[in-house]
Amino acid sequence: MAPPQDRSCYVLELSVGPGGSRWAELHAYSNLDHIRACLDVFLENGGGMSAYHAIWYGATLGIWTVQRGNVVGFLDLHSFLQVRLGDGPAVPLSDTAAARALVYERRRQRYLDDGEDEEDIPGEDDHDDDDWNTYEAMTLAVDWGAVTPRLPALEPPSLAPGERAKLDYSKWRKSPKRMYAGEGSIRFGSYDPENGERLDPPFKIEMPEPGDEEEDEDDDD
């Protein structure tokens, strides 16, 4: 694989920092339709994992903008994402207290229905294995129409399949300070940086086939 270049791209980051669930996905593309398609997979909430990571761990959910190798922006998606439980009202993920209350109130009702006393119900900050049923029952949605105007157009040249974009943070002073496991460069495509694995995107795109040894060496940059 060629060395990192001064390329422009968007990077969708879905992650929980070290010390938590240690889960991460990075999706680097130059087409916003591809970014949305990857986000839509997260919103499917398979097995309740997306809602669990977002509500219990406060996962990082956002889109980075890289212009010619320079990190220039991060759009936090929490304000544009909503969670709903059953027929209840949609709650923005940015309202952490309201989102966690959805989980706790169902837990509380479950314990009371089982004849437990109020004082025996685990607190909102306590983990309860039966909450998985609640997370699985949740639906997630995004106001994509409000997201796109907040993302700048990419400056050419854009990141292409088989390429890596430099990640220069020298002009970036805001939080988060770095994208997950993103120090020197980001490869085109979808990756799990926690396990060092390539992920299959939810669309067809022609990718070159680099040699395994060459790819591993480049990952150390």
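Coordinate-derived values only; no laboratory data. These numbers were taken from a predicted model, which means no experiment stands behind them. Here Cβ is always computed from backbone atoms with ideal geometry, including for glycine, and neighbour counts include all displayed protein chains.
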Evaluated over the stretch 1-117, the Cα radius of gyration and Dmax, each in Å:
17.6, 64
Where Lys and Arg each count +1 and Asp and Glu each count -1, what net charge lies around Ser170 among other residues with Cβ under 15 Å from its Cβ?
+4
Of 135-144, 167-176, ordering from highest average Cβ density within 10 Å down gives 135-144, 167-176
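Output the peptides 30-37, 201-208 sorted from most to least packed, where packing is the average of other Cβ atoms within 10 Å over each peptide's residues.
30-37, 201-208
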Apply the membrane-span-like helix rule to the chain: whole DSSP H runs, Cα extent along the own long axis of at least 15 Å, mean Kyte-Doolittle hydropathy at least 0.5. List the helices found.
32-43
What ranking do 151-158, 81-88 get when scored by the average of other Cβ atoms within 10 Å per residue, highest first?
81-88, 151-158
As an exercise, use a Förster radius of 25 Å and the Cβ-Cβ distance of Val72 and Ala160 to find the FRET efficiency, rounded to the nearest 0.05.
0.80
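With a sphere of radius 13 Å drawn around the Cβ of Ala98, what net charge do the other residues whose Cβ falls strictly inside it have (Lys, Arg +1; Asp, Glu -1)?
Computed value for this residue: -1.
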Potential extension, Asp33-Glu197 segment - 0.36 nm per residue separation minus Cα distance:
56.8 nm
Relative contact order (%) - the chain, alpha-carbon pairs under 8 angstrom, separation at least six
30 percent
